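Participant: Right, I'll just put the structure down here and ask away after.
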Amino acid sequence: MRFRLDPEQRQFADSLDAMLTAADTPSVVRDWSRGDHGSGRALWRRVAGAGVFALAVPEAYEGLGLRPVDLAVAFVELGRHAVPGPLVETVTAAALLTEPGVAKRLLPALASGETMATVARDGGYALDGHIADLRLALTAEGLCLAPDHGPGHATLDPARRLTPLAPGGELLAGDPPVAAALLLARLTTAAQALGVGLALLDRTVSYVGQRTQFGAPVGSFQAVKHRLADAKIALEFARPLLFGAALTMTAEDVAAAKVTACEAAYLTARTALQLHGAIGYTAEYDLSLWLTKARALRTAWGSPDECRDTVLGAGGRRW
């Protein structure tokens, strides 16, 4: 089967790409990493204004209805531009908030971008819990609101801080749709990772075309071409798996897309770091914004082993 985005989806991707390019997202990410969230919040509202979060919210609650393929299209661009914040967690929260009274109260603000959400298991860690307006904890009793727990812990990616969440607030649902939410979390993580990998490949190809050794561009060397070709093949192989999974939304297909896209991004990150040489290690160089994100996404919402277990039918952890 040959999968192609339709003209409307391609236009959606192009519009997001243009908007995020104009927003100078590397500067936004650096502000976010320093604890200055003003520019990130402004960008969040622009992303919401483009309809991204509404794609995970039913029409009855001011959304566009769940559209997994369109969400994948959007999250590829969000990853390509390294947009910070609990993006995956916000759409995952939308999938968990299905009880009618709770949905009517909370989902419209998620769709509009007024509310930023994050999610964690009871006693676990939530991405950007110190920033999120809506903190959800999954417990043995169900889905609960969770209180703020301070500034969070630094991670390898300076733009991603993890906050421990514990129940202590209102019980929102006794039996939330955890399996459906996990599917959406893994799908959007895979799409984000694919976008990160594509950005790393583009930047590396540009760099090796400019850097010279022995009077020739580094990109003309056979060994460099082989490394870039391997990364390109891995990313291109992940793309149809991602959009195929968005069509079927089965646990096995989504897990396969997640592990393939994240491993492809991680391979591309290692290649980018090696081909950039010493400059690739410096935090001041923008490449680092994507390098660290590729590593973080690899294990977010299911490690490679967990996803492989799901694909092979071994079950793995559900959350």
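Participant: Just the residues that are part of a helix (DSSP H, G or I), under 16 Å from Gly40 (Cα atoms) and small (Gly, Ala, Ser), please, taken from the range 66-93.
Facilitator: Within the range 66-93, just Gly79 meets the criteria.
Participant: When you scan the range 246-277, how many residues do you find that are part of a helix (DSSP H, G or I) and either outside the structural domain of Ala300 (by TED's automatic domain parsing) or within 16 Å of Leu312 (Cβ to Cβ) (or both)? Show your work before the answer.
Facilitator: Quick first cut of the range 246-277, residues part of a helix (DSSP H, G or I) only: 246-248, 251-277.
With the extra rule that they be either outside the structural domain of Ala300 (by TED's automatic domain parsing) or within 16 Å of Leu312 (Cβ to Cβ) (or both), the set shrinks to 251-260, 263.
Residues meeting the conditions: 11.
Participant: Still on this structure, please answer the following. With the structure loaded, tell me whether Ala223 is part of a loop (DSSP other than H, G, I, E, B), at negative phi and at pLDDT below 95 or whether it fails that test.
Facilitator: On the way: part of a loop (DSSP other than H, G, I, E, B): no; at negative phi: yes; at pLDDT below 95: yes.
So Ala223 does not fit the description; no.
Participant: Take the residues in the range 158-207 that are polar (S, T, N, Q) and part of a helix (DSSP H, G or I), then tell me which one is farthest from Pro100 (Cα to Cα).
Facilitator: First pass over the range 158-207, keeping only residues polar (S, T, N, Q): 163, 188-189, 192, 204, 206.
Next cut, part of a helix (DSSP H, G or I) only: 188-189, 192, 204, 206.
Numbers: Thr188: 24, Thr189: 27, Gln192: 30, Thr204: 48, Ser206: 50 Å.
Among those residues, the one meeting the criterion is Ser206.
Participant: Still on this structure, please answer the following. With the structure loaded, tell me whether Ala231 is crowded, with 24+ Cβ neighbours inside 10 Å and either at positive phi or at pLDDT 95 or above (or both) or whether it fails that test.
Facilitator: Spelling it out, Ala231 is indeed crowded, with 24+ Cβ neighbours inside 10 Å and either at positive phi or at pLDDT 95 or above (or both).
Participant: Right, here's the next one. Would you pick out the residues in the range 257-274 that are surrounded by 21 or more Cβ atoms within 10 Å (Cβ to Cβ) and over 16 Å from the mean Cα position of the chain (by Cα)?
Facilitator: Thr268, Thr271, Ala272
Participant: Here is a further query. Among the residues that make up the range 278-286, is at least one of them touching a residue at least 40 places away in the same chain (Cβ under 8 Å), surrounded by 14 or more Cβ atoms within 10 Å (Cβ to Cβ) and not in a helix (DSSP H, G or I)?
Facilitator: Yes; the residues of the range 278-286 include at least one that is touching a residue at least 40 places away in the same chain (Cβ under 8 Å), surrounded by 14 or more Cβ atoms within 10 Å (Cβ to Cβ) and not in a helix (DSSP H, G or I).
Participant: What residue, among those in the range 287-309 that are touching a Phe, Trp or Tyr at 6+ places or on another chain (Cβ under 9 Å) and part of a loop (DSSP other than H, G, I, E, B), is surrounded by the most Cβ atoms within 10 Å (Cβ to Cβ)?
Facilitator: Checked the range 287-309; the qualifying residue surrounded by the most Cβ atoms within 10 Å (Cβ to Cβ) is Gly302.
Participant: When you scan the range 135-157, how many residues do you find that are part of a loop (DSSP other than H, G, I, E, B) and surrounded by fewer than 19 Cβ atoms within 10 Å (Cβ to Cβ)? Quick ask: steps written out before the conclusion?
Facilitator: Initial filter on the range 135-157 (part of a loop (DSSP other than H, G, I, E, B)): 139-142, 146-152, 154-157.
Subsequent filtering for residues that are surrounded by fewer than 19 Cβ atoms within 10 Å (Cβ to Cβ) retains 139-142, 147-151, 154-156.
Count: 12.
Participant: Right, something else. Quick one: which of Val52, Val69, Val29 is buried (at least 23 other Cβ atoms within 10 Å of the Cβ) and either in contact (Cβ under 8 Å) with a residue 60 or more places away in the chain or assigned by TED's automatic domain parsing to the domain that holds Ala190 (or both)? Reasoning before the result, please.
Facilitator: Working: Val52 fails: either in contact (Cβ under 8 Å) with a residue 60 or more places away in the chain or assigned by TED's automatic domain parsing to the domain that holds Ala190 (or both); Val69 fails: buried (at least 23 other Cβ atoms within 10 Å of the Cβ).
The match here is Val29.
Participant: In addition: Identify the single condition in (1) in the same structural domain as Leu43 (by TED's automatic domain parsing); (2) at pLDDT 95 or above; (3) under 26 Å from Arg298 (Cβ atoms); (4) not acidic (Asp, Glu) that Leu106 does not satisfy, given that it satisfies every other one.
Facilitator: Just one mismatch for Leu106, condition (3).
Participant: Identify, from the list Leu145, Leu138, the residue that is farther than 25 Å from Leu5 by Cβ, outside the structural domain of Leu297 (by TED's automatic domain parsing) and free of Cβ contacts under 8 Å to residues at least 60 places away in the same chain.
Facilitator: On the way: Leu138 fails: free of Cβ contacts under 8 Å to residues at least 60 places away in the same chain.
Sole residue among the options that is farther than 25 Å from Leu5 by Cβ, outside the structural domain of Leu297 (by TED's automatic domain parsing) and free of Cβ contacts under 8 Å to residues at least 60 places away in the same chain: Leu145.
Participant: Sticking with this one: In the range 94-127, how many residues are closer than 14 Å to Val52 by Cβ and either of a type in the set (A, V, I, L, M, F, W, C) or part of a helix (DSSP H, G or I) (or both)?
Facilitator: 6
Participant: Of the residues Val102, Val83, which single one is under 26 Å from Thr163 (Cα atoms), touching a residue at least 60 places away in the same chain (Cβ under 8 Å), surrounded by fewer than 24 Cβ atoms within 10 Å (Cβ to Cβ) and in contact with a Leu (Cβ under 9 Å, 6 or more places away or on another chain)?
Facilitator: On the way: Val83 fails: surrounded by fewer than 24 Cβ atoms within 10 Å (Cβ to Cβ).
The unique qualifying residue is Val102.
The values are calculated or read from the model by the stated rules, or taken from the named source; none is laboratory data. Computed from a predicted model, the values in this text were never measured in an experiment. Note that each Cβ is placed from the backbone with ideal geometry, even for glycine, and that neighbours are counted across all protein chains shown.
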